[in-house]
Amino acid sequence: MDIKVIIESLSPIERKLIPLLSGEPVSVDELANEDLDKTTILRAAEFLKKKDLAETEEKEEEIVDLGILGVHYRKNHLPERALLIALHDKKELAIKDIKKATGLNDNEAKVALGTLKKKALVDLKQGNLVLNAKSDEVSKKFVEELFLESLPRELSSLAPEEKFALENLKKRKDLVEVLQTKEIAVKLTKNGLEIQKEKLDVDLIEQLTPQMLKSNGFKNKKFRRYDLTAGVPRIYGGKRHFVNQAVDHAKSIWLEMGFKEMSGDLVDSGFWVFDSLFTAQDHPVREMQDTFYLKDIKAKLPEKKIVEGVKKSHEGGVDGSKGWSQEWKEEDAKKTLLRPHTTCLSSRALMEIGKNLKENVPAKYFALGRCFRNETVDWSHGFEFNQTEGIVIDENANFRQLLGYLTQFFKKMGYDKIRIRPAYFAYTEPSLEIDVFHPVHKKWLELGGAGMFRPEVTIPMFGRHIPVLAWGPGFDRIIMDYFKITDLRNMYKNDINQLREMKFWRKD
Amino acid sequence: MTILSMNRKALEKAIGKVDEAMEKSITDMGTPIEYVNDEEVAVEVFPNRPDLLSLQNFARAVNQYRGKGKLANFNVKSSGEKLIVDKSLPKEWPYAIACIIKGVKFDDERIKEVIDIQEKLGMGILRKRKKGGIGLYPLEKIEFPIKFVGKKPEDIKFKPLEFPRVINGRQILGQHPTGRDYAHICQDWDVFPIFVDNAGTIMSMPPIINSHDVGKIDETTKDIFLEATGTNLHALKKAFNIIAISLAAMGGQIYSIDCKQQDGKVISAPDLSGEKMDFKVEDINKMLGVDFSEKKVKEYLSRMGIGVESTGDDPKGPKCKAIVPAYRTDILHWVDLAEEVAIAHGYDNFEPILPEISTIAEEDPKSKSKKVISNVLAGLGLLEVNSFHINTKKDVKKIHYGLTDFIELEDSKTGRDVLRVDLLTNMMQILYENSDASYPHKIFEVGRVFSKDTSQEAGVIENEKLSVVLSDEKVNFTDLKQILDYLFKMLEVEYEIKDGSHVGFIDGRCGEVVVNGKSIGYIGEVNPRVLKNWKIKMPAVALEIDLEGLI
């Protein structure tokens, strides 16, 4: 133990407390004084404990204290004392005059009489009460009175005659009560006792002030040492929502790979969401139960050339394709809905690119945004979710390049190992499903689909087929995995406590 | 998601032991394994492959894929029987085709299998029977020729499957469980379609239900009359072909029937000859980024059950014709053949490459500016929140009590029925839900709100908004104006605040935020009426401004 260092690290309240302590435990109640209240003593004791200078003991105690009547009688007199005084004055009292002479009520008078008789201090002679004691006996305090005056007391500290008095008093209503309390006592350790012997009121600087700086008041003085390991109260900073942090990160990955961001409305038409993506008009995904259609709002369709091209794709006849062999209706294309995927942004981008193929191809685009699905919410289903999506438009794009981009993208997302398998999407061919290997959980995570846009998708926009690689992994699973969220409902719960505690997105 | 579960023993008899290698083959073929246990093997079948929806068909595909099966070749004999499709039919249900299949060995398991595939085709390719329906009958109970005719529902009287008595066509829609399930398809038609045999017996009322007397197959059934009817002949034929070959795979011999359609054309059903499709090997190679020989491509396609004919040498490289089996519904274009080749090669066996093309990355300028605004506010110690774009009318009305012109959602399953009109509503909800978190609450959100606008393509205009809300025991206008003031300074935006009036704020403590002479939103102390509506126990100040001009 370096006594000097310890003394320098004592805070003012510790320095005040140490002289009051000893090797024996002293209760905080006893230690408390005008200068040091109980809370401060407890805090100081905690500091001393950390320095191994003091120990605290918790004692469960039963305390005997005055009841409501007890307080009253201690101020005035016990009924038996009141009667004894009255009798001492008058020597003799008729039973019926007791109340008048003492001011006691019925019950008190009865108790007073009974008690004095038991103590053999009075006699009854022909209906009169007669004193049967000498003056010195009369002036001597009863054991009950002495006991009441000594309260509060610890039950365990009572002498046998005091215990007897307590039993008598307990029979009388509201004179005394026994309370269960917890008492904290502090004592010095061996080190503490040694420190106590030292001079504690060394001149240490507690807080550097502007005045000290000005007057050089800090020179040749020491600063009180802090306990640097002590805990501190929590604070919380402002921050971006964790989902948005993750979104920004994913965007930076796309940007690093040379992709241009697409953005667009959350409400779009059946035309862009489904028809332009060669989704048959009677395909189950277009049914109301899966999709958020808007009531009574109809969209305008794009220019006729595009609409005609899409119609032809569906009905059959684009580049030898059989299409869906059924009539295509504008009505379904004009329905408006909250987008169920971000791929509608891609098909809109294709239309824009198609306006000047020579200038615009090759191109790489990405989107990342909110999508919607009409679904009952539970831990694994949300009606709003994030999707990210990329397309590469290039005359020479091919399937192996698609695998190349996917490998690169997921590597940057933190997944070194990916696995692909065949899949089906209406608008891509070949289509595939991507699983990534979770490096911690050691299992495969399904992250979404990819493929090459079908000629039925590209030709209406480009006028001819140019290969387009496309992939649209779900993004919320990655976010949930990183932030260890197991219930999707917590993603947009906006629980302020959760947001304050949530770590920052930091993925390399 | 369609799951095909198969008896493991029966499957292993057809394809061999289901071990790890077999499981990999099955997955690589494009039918991911759902589960394997001692009794069953279950796989997911994608909607483009209804032809895999029975054990026999699945087994044929697996064997072909593993190079152990031949291309399917179906021997169809002629039955000489006729089906007449009558002009009295409802215009909504004009087509019918039929055939006979003899010598099927039925047992309990197989009957279940047939019903299962019939049901799955009805749900999938026939779109919950909206495009068509399929029916099977014991051949011995009916007499040719058979007519498909339209009749008034009240005049159609027969005992439907598993029903105790004879009822009419209209009653079937109301009383029979299957009738109730599919009533929506035909309830508005003037006449309902029925099959009637030569003896005048009503065999069924498509697409709803068969007759209990002549339209029920059981273990004693050997020979079957199979029909498909509906609105889309293309889909019908595909579904019909698939179920016909499934029955053939159970040991049946297919006999065609001449089906005379309303326009007089005779369709000899089923037509199981493959469809021809032109393709070039070089196109497939370019698409996949490989250099497969014609022989290789041929071998791969045959492993997917597709035959190939060469059409002779072309100066630009070999041009081929694929023979696509009649049961495949998903080969629409040569790109579909390319996928077949890729699957046969094995997705795992493609080596990823990155192309050498140069493109310039670019972030959406709006999303960049939004990020800046959020960062400024986070720097002031505010917490960004992220809330849903859809609300309930009831919650919106807690601020906008007079609002009626909502953008409503159809049949929302979420309990939320309108697009949000502001961010403030969600901010109030967040305050309400976080009364147990220690104060002050300092939150903001950047997000879109919606309003009707017929000039927009989708009839809705979406505006990017910013809302900031502070709530604490002592919080006032100045606290929030300081934040707005700092934000605009950082963005170099000149603004002024004019006296404003907004239902959400206290009169006299509500300012209109004006930038370039245009009002962009409000800032003020939240009206206690609103706080009470939300059961919020602390005062709050809030602002909501349009970012469209600022980002």
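The values are calculated or read from the model by the stated rules, or taken from the named source; none is laboratory data. Given the structure is predicted, the values throughout are model-derived calculations rather than measurements. Neighbour counts are summed over all protein chains in view; Cβ atoms, including those assigned to glycine, are modelled from backbone coordinates with ideal geometry. For the accessible areas, the whole protein counts, side chains as well, though only heavy atoms, and no ligand, DNA or RNA atoms are used. Shrake-Rupley method; radii C 1.70, N 1.55, O 1.52, S 1.80 Å.
Observations
- Scalar couplings 3J(HN,Hα) for the stretch B:59-72, obtained by applying the Karplus form with A = 6.51, B = -1.76, C = 1.60 to θ = phi - 60°, are 4, 4, 5, 5, 4, 4, 4, 8, x, 10, x, 8, 5, 5 Hz; x denotes Gly and Pro.
- Amide H partners (placed H, <5 Å) of B:TYR95, local residues excluded: B:GLY230
- Ranking A:ASN76, A:PHE142, A:GLN126 by Cα position along the charge dipole of the stretch A:68-179, where only Lys, Arg, Asp and Glu carry charges on their C-beta atoms, puts A:GLN126 farthest toward the positive end.
- Mean per-residue shielding of peptide A:387-394 is 1, counting Cβ atoms of other chains within 10 Å of each Cβ.
- Shape of the stretch B:2-65, Cα gyration tensor, a/c cut at 1.5: rounded
- Partners of B:LYS157 within straight-line reach, counting lysines whose Cα lies under 19 Å from its Cα and excluding those fewer than 8 residues away in the same chain: B:LYS141, B:LYS147, B:LYS216.
- Proximal charge balance of B:ALA322 [Cβ under 9 Å; K/R count +1, D/E count -1]: -2
- Portion, in percent, of the accessible area of chain A that falls on carbon or sulfur, probe 1.4 Å: 51
- Once the partner protein chains are put back, the stretch B:440-470 shows a loss of at least 50 square angstrom of accessible area, versus the chain by itself, at B:ARG448, B:GLU457, B:ALA458, B:GLU462 (probe 1.4 Å, ligands and nucleic acids excluded).
- Structure note, pairs A:LYS295/B:LYS452; A:LYS118/A:LYS141; B:LYS368/B:LYS498; B:LYS237/B:LYS265; B:LYS120/B:LYS238: Cα-Cα distances above 21 angstrom occur for B:LYS368/B:LYS498.
- Once the Cα atoms are used to define both axes, helix B:108-123 deviates from the longest principal axis of chain B by about 50 degrees.
- Residues of chain B: accessible area per residue with a 1.4 Å probe, Å²: 44
- Chains B and A together, accessible area buried on both sides, 1.4 angstrom probe, square angstrom: 8100
- Computed over protein heavy atoms with a 1.4 Å probe, the accessible surface of the stretch A:68-179 works out to 62 Å² per residue.
- Solvent-accessible area lost in complex, 10 Å² minimum, residues of the stretch A:422-436 relative to chain alone, 1.4 Å: A:PRO422, A:ALA423, A:TYR424, A:GLU429, A:PRO430, A:SER431
- Given charges at beta-carbon only (K, R positive; D, E negative), |dipole| of the protein assembly as shown in Debye: 820
- Loop sites in the stretch B:136-168: trypsin sites (Lys or Arg not before Pro), DSSP, at most 13 other Cβ within 10 Å: B:ARG165
- Cα centre as origin, Lys/Arg/Asp/Glu Cβ charges: the stretch B:76-269 dipole, Debye: 540
- Of the GluC sites (Glu not before Pro) in the stretch A:5-55, the ones in a loop by DSSP (not H, G, I, E or B) with at most 10 other beta carbons within 10 Å are A:GLU34.
- The residues of the stretch A:276-369 expose on average 43 square angstrom of accessible surface per residue, using a 1.4 Å probe on protein heavy atoms.
- Accessible-area ranking of A:ASP265, B:ASP453, largest first, probe 1.4 Å: A:ASP265, B:ASP453
- Accessible surface of the stretch B:365-546, 1.4 Å probe, proportion on carbon and sulfur as whole %: 46
- Gyration tensor (alpha-carbon) shape descriptor, the stretch A:243-495, a/c threshold 1.5: oblate
- Only Lys, Arg, Asp and Glu carry charge here, each on its Cβ (+1 for the first two, -1 for the last two); on that basis the stretch B:2-65 has a dipole of about 280 debye about its Cα centre.
- Only helices enter the 222 nm calculation for the protein assembly as shown: every DSSP H run of n ≥ 4 contributes -39,500 (n - 2.57), and dividing by all residues gives -9500 deg cm²/dmol, rounded to 500.
- For the stretch A:378-395, the Karplus equation 6.51 cos²θ - 1.76 cosθ + 1.60, evaluated at θ = phi - 60°, returns couplings of 8, 4, 10, 10, x, 8, 10, 8, 9, 10, 10, 7, x, 10, 10, 10, 7, 3 Hz by residue, with Gly and Pro reported as x.
- The stretch B:76-269 shape via C-alpha gyration tensor axes, a/c threshold 1.5: rounded
- At least 20 Å² of accessible area lost relative to the chain alone, listed for the stretch A:226-246 with a 1.4 Å probe: A:GLY238, A:LYS239, A:ARG240, A:HIS241, A:ASN244
- Loop-resident sites, the stretch B:451-551, for GluC sites (Glu not before Pro), counting at most 14 other Cβ within 10 Å (DSSP): B:GLU473, B:GLU492, B:GLU494, B:GLU548
- Electrostatic bookkeeping for A:MET257 treats Lys and Arg as +1 and Asp and Glu as -1; over the other residues with beta carbon under 10 Å from its beta carbon, the sum is +1.
- With the charge dipole of the protein assembly as shown set up from +1 on Lys and Arg Cβ and -1 on Asp and Glu Cβ about the Cα centre, the Cα lying farthest toward the positive end among the listed residues B:TYR347, B:GLY508, B:SER302 is that of B:GLY508.
- Other residues whose C-beta falls under 10 angstrom from the C-beta of B:GLY169 contribute a net charge of +2, scoring Lys and Arg +1 and Asp and Glu -1.
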